[in-house]
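First comes the structure, then the notes that go with it.
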Amino acid sequence: MMITAEVEALKQLINQLHIDHRDLDYVISRLSHSPAQDQLQLQRLKKRKLYLKDQIAMMERQLTPDIRA
């Protein structure tokens, strides 16, 4: 069981990761519509965005208590 301070710290981290994810989404969108797009850079940004999404999901699961059947 997590104590309140840990929960709040985790929620703040999740919030920051959401912001980073949204920012990456914006950058990817702008680069993909650019006439001089760098495919390697786009690929790296997309991988980073997917990594952030996975991290967010993992941390959100930590906040959800296990329900035993």
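The values are calculated or read from the model by the stated rules, or taken from the named source; none is laboratory data. Computed from a predicted structure; not experimentally measured. As a convention, Cβ positions derive from the backbone with ideal geometry for all residues, glycine included, and neighbour counts pool all protein chains shown. For the accessible areas, the whole protein counts, side chains as well, though only heavy atoms, and no ligand, DNA or RNA atoms are used. Shrake-Rupley method; radii C 1.70, N 1.55, O 1.52, S 1.80 Å.
Every residue, every condition in (1) among the polar types (S, T, N, Q); (2) open to solvent by 80 Å² or more (accessible area, probe 1.4 Å), yes or no:
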residue	(1), (2)
Thr4	yes, yes
His21	no, no
Ser32	yes, no
Ala36	no, yes
Arg48	no, yes
Any hit, segment 58-67, residues being polar (S, T, N, Q) and in contact with a Leu (Cβ under 7 Å, 6 or more places away or on another chain): yes
Extreme residue, nearest to Leu52 (Cα to Cα), among residues of segment 6-19 that are aliphatic (A, V, I, L, M) and surrounded by 13 or more Cβ atoms within 10 Å (Cβ to Cβ): Leu17
Residue list for segment 30-69, filter: within 30 Å of Thr4 (Cβ to Cβ), small (Gly, Ala, Ser) and at pLDDT below 90: Ala69
Those residues of segment 20-69 which are assigned to a helix (DSSP H, G or I), without any contact (Cβ under 8 Å) to a residue 12 or more places away in the chain and of a type in the set (Lys, Arg), in sequence order: Arg22, Arg30, Arg44, Lys47, Arg61
Residue selected from segment 2-44 under the condition under 14 Å from the mean Cα position of the chain (by Cα) and among the acidic types (Asp, Glu), by the criterion nearest to Ala57 (Cα to Cα): Asp20
